[in-house]
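Q: I'd like to ask you about the structure that follows.
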Amino acid sequence: MFIDTRSVEQGVAVSTTVCIIGAGVAGITLAMELERAGIDCCVLESGGYKADDETRDLYRGENVGIPYAFADGCRSRYLGGSSNCWGGWCRPLDPWDFDKKDWVAHSGWPFGLEELAPYYLRTHALLKLGPHNFDPAWWEQQINRTDVRRYPMMSGNVRDTVSQFSPPVRFGKVYREVLRRSERVRVFLHANVVNIDSDAQASEVTGVDVATLTGKRFRVNAKVFVLATGGIENARLLLASNKVQAAGLGNGHDLVGRFFMDHPRLMTGTVKFTKEWSRNKLYDIKYHYQNAAVAAHGTHISSQFALTHDVIKREKLLNSRVWFFSRFFGEGSAGSEALIRCREALHRKEQPGRRARDDYLTMAAHPVDTVGFGLTRLLQLRALISDVKLQAIVEAEPNRDSRVTLSDRKDALGLPRVKVDWRLTELVQRTFDRTFQLLADELKMMGVADVELDEPLEGRASLPSKLEGTWHHMGTTRMHDSAREGVVDRDCKMHGMSNLYVAGSSVFPTVGANFPTITISALALRLGEHLAQRLGKPDTATILPIGEAAGSMRFGVSNAELGKLPIAAQSLVRAGGNEAI
């Protein structure tokens, strides 16, 4: 059921069993799980069915760290949340991403891969992914094309990995009818939570105050509250809810908003392929992104290079992913940029301020660049590629000083806006440098390509302007068994509070180098099961959709690496048909 909050009577009190704040990937996933478990809940969504600038403005704030865009186009404040601007990349975290590492301060999860694996399996139906298989050799065989081939890794330093693409699922559209027909879920649109109230000891949430941009106010009372507004807004709302705890709700150890992480992304170098390998599409983002040529069983995939676990440990690095980035004829021109926006519109990706008419006029005014870029993309003509570079994303190292705080400025609802201070460590710089160098060496050894790299990052006074984020906002309400090290516990319940949980990537204590949406979904499914058990309802595992309770996942882990995992994780991976790579 959907309710327009602007029509709700002023000052009413809404009662429910579970109140979910936010209707993005985590919030909608959790709501559907509670519906299956027979638990009443209400979902409070700031926006409506589509974007509007007044609501979008609530996300805007100050950037005070590395040059960084985090509002317009980077997040979406309406039904479906950031799934509305998501590219669809999906891959579970690597097994070692959960480990505590002696060279990475504040690293490690309270549990390992074996805890999330059953929920990763279930995300495939939710995100409309393909088989539970991330083994590169299997996908190469299934695609069976001469221009989609794996490289013959030789040194033991580099491995290839596979990601699957969701269509992508826009949660607010794909699951709107499910929510509309729900008998137990009420979704309040245009409902902005402006305060989380607690008792005098800050040990229990007593209710949340809700406001609309039209001036309506009401309150929601519940047994359990779940904060699911994203990696920046989760911290913002907790910090702003400071009536009982002056530093913000749950912030007794000064952790809320700290450890803000994103995956930094950087392009570098010049790649000169040998003739034999010049047409391979499997590792090139311009060819493998949602490309029918790189697909099997109705699922688009891509491959990325990564360092092996042994190298990461030996050189004390962070995780990373690298791919080729071909630059097309006309790329970067006004015409090519307009054409890209039109393509993204076909995928229903939110693009603030875009007007289709303006893009059509721009393309007409730049016909050579537009047609040249479009034909290169459509016909995949290598002759029209101007050059090829390497592009990488690197795991962010947890850093207390990288953080989200409150600004002195306020939004239209009277809430303090955010200040985002994104910082990266020297270990991130060194990981970029060593990853690029080791991959360049590997490509030369294999006879695939010669790579001329740019100047190293380590030791430079400032980061290059071309470094950017990937809009994966993580870590600001991190998970840890100790209240002195984390905001929430292993069940995502806030330390010291009996009925407040946090969902989404803000709970990630370390983030690996994989795309977070599939892990956000897995954690939301796990939280749904936990709440069903806590509230005395049937175990959600007994009411899975048909076909989702069974199955296994292939992770593509080498046998050497497999032997170093915990016994439970080894069993899980072997059950998935692991093959050495």
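Q: Filter the stretch 317-360 down to the residues that are out of contact with any helix residue (DSSP H, G or I) (no Cβ under 8 Å at 6 or more places or on another chain) and part of a loop (DSSP other than H, G, I, E, B), then identify the one that is nearest to G81 (Cα to Cα).
A: H347
Q: Continuing with the same structure: Which residues, counting only those in the stretch 6-30, are β-branched (V, I, T) and surrounded by 24 or more Cβ atoms within 10 Å (Cβ to Cβ)? Break it down stepwise before answering.
A: First, the residues of the stretch 6-30 that are β-branched (V, I, T): 8, 12, 14, 16-18, 20-21, 25, 28-29.
Answer for the stretch 6-30, where residues must be β-branched (V, I, T) and surrounded by 24 or more Cβ atoms within 10 Å (Cβ to Cβ): V18, I20, I21, V25, I28, T29.
Q: Which number in (1) modelled with pLDDT under 95; (2) under 22 Å from the mean Cα position of the chain (by Cα) marks the one condition that D53 misses?
A: Failing condition for D53: (2).
Q: Taking the stretch 280-301 as the search range and keeping residues that are β-branched (V, I, T) and not in a strand (DSSP E or B), which one is modelled with the lowest pLDDT? Let's see the steps before the verdict.
A: Applying the first criterion (β-branched (V, I, T)) to the stretch 280-301 yields 285, 294, 299, 301.
Among the residues that remain, those that are also not in a strand (DSSP E or B) are: 285, 294.
Values: I285: 91, V294: 95.
Out of the qualifying residues, it is I285.
Q: Here is a further query. Within the bounds of the stretch 371-392, is there any residue that is more than 26 Å from the chain's Cα centre (by Cα), polar (S, T, N, Q) and either modelled with pLDDT of 95 or more or in a strand (DSSP E or B) (or both)? Break it down stepwise before answering.
A: Filtering the stretch 371-392 for residues more than 26 Å from the chain's Cα centre (by Cα) gives 371-388.
Those still in the list that are polar (S, T, N, Q) too: 376, 380, 386.
When the remaining residues are screened for being either modelled with pLDDT of 95 or more or in a strand (DSSP E or B) (or both), the result is 386.
Yes, the stretch 371-392 has at least one match.
Q: Being crowded, with 21+ Cβ neighbours inside 10 Å and polar (S, T, N, Q) is the filter; apply it to the stretch 459-480 and report the residue that is nearest to R265 (Cα to Cα).
A: Checking each candidate, the answer is T476.
Q: Residues that are at pLDDT below 95 and in a loop (DSSP other than H, G, I, E, B): does the stretch 81-98 have at least one?
A: yes
Q: Restricting to strands (runs of 3 or more DSSP E) lying wholly in the stretch 397-507: which have 1 or more residues that are of a type in the set (V, I, T) and in contact with a Gly (Cβ under 7 Å, 6 or more places away or on another chain)? It would help to see each step written out before you state the result.
A: Working: elements: 403-410, 416-421, 449-452, 500-502.
Of the strands (runs of 3 or more DSSP E) lying wholly inside the stretch 397-507, those with at least 1 residues that are of a type in the set (V, I, T) and in contact with a Gly (Cβ under 7 Å, 6 or more places away or on another chain) span 403-410, 416-421, 449-452.
Q: Can you tell me which residue among K275, K243, K281 is in contact with a helix residue (DSSP H, G or I) (Cβ under 8 Å, 6 or more places away or on another chain) and basic (K, R)? Steps first, answer last, please.
A: On the way: K275 fails: in contact with a helix residue (DSSP H, G or I) (Cβ under 8 Å, 6 or more places away or on another chain); K243 fails: in contact with a helix residue (DSSP H, G or I) (Cβ under 8 Å, 6 or more places away or on another chain).
Going through K275, K243, K281 in turn, the sole match is K281.
Q: Further question: For the stretch 186-210, give me each residue that is under 25 Å from the mean Cα position of the chain (by Cα) and under 16 Å from L34 (Cβ atoms).
A: If the condition is that a residue be under 25 Å from the mean Cα position of the chain (by Cα) and under 16 Å from L34 (Cβ atoms), then V187, F188 are the ones that fit.
Q: Contact list please: Cβ distance under 6 Å, first residue in the stretch 93-104 and free of Cβ contacts under 8 Å to residues at least 12 places away in the same chain and β-branched (V, I, T), second residue surrounded by fewer than 19 Cβ atoms within 10 Å (Cβ to Cβ) and part of a loop (DSSP other than H, G, I, E, B), pairs at least six apart or on different chains.
A: Between residues of the stretch 93-104 that are free of Cβ contacts under 8 Å to residues at least 12 places away in the same chain and β-branched (V, I, T) and residues that are surrounded by fewer than 19 Cβ atoms within 10 Å (Cβ to Cβ) and part of a loop (DSSP other than H, G, I, E, B), there is no close pair.
Q: Does the stretch 165-198 hold any residues that are part of a strand (DSSP E or B) and farther than 23 Å from V226 by Cα, and which are they? Give the steps one after another, and end with the answer.
A: Pass one, the stretch 165-198, residues part of a strand (DSSP E or B): 165, 185-189, 192-198.
Across the stretch 165-198, the qualifying residue is only F165.
Q: Would you tally the residues in the stretch 31-54 being surrounded by 15 or more Cβ atoms within 10 Å (Cβ to Cβ) and either without any contact (Cβ under 8 Å) to a residue 60 or more places away in the chain or assigned to a strand (DSSP E or B) (or both)?
A: Final tally of qualifying residues: 4.
Q: Same structure, new question: Return yes or no: is V162 more than 22 Å from L93 (Cβ to Cβ) and outside any loop (DSSP other than H, G, I, E, B)?
A: In short, no.
Conditions tested, residue by residue: (1) in contact with a Pro (Cβ under 9 Å, 6 or more places away or on another chain); (2) at pLDDT below 80.
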position	(1), (2)
T308	no, no
V311	no, no
R314	no, no
L317	no, no
R321	no, no
G330	no, yes
K349	yes, yes
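Q: Output the residues belonging to the stretch 221-254 that are buried (at least 23 other Cβ atoms within 10 Å of the Cβ), under 18 Å from T16 (Cβ atoms) and either out of contact with any Gly (no Cβ under 6 Å at 6 or more places or on another chain) or hydroxyl-bearing (S, T, Y) (or both).
A: F225, V226, L227, T229
The values are calculated or read from the model by the stated rules, or taken from the named source; none is laboratory data. Quantities reported herein were computed from a predicted structural model and do not represent experimental measurements. Neighbour counts are summed over all protein chains in view; Cβ atoms, including those assigned to glycine, are modelled from backbone coordinates with ideal geometry.
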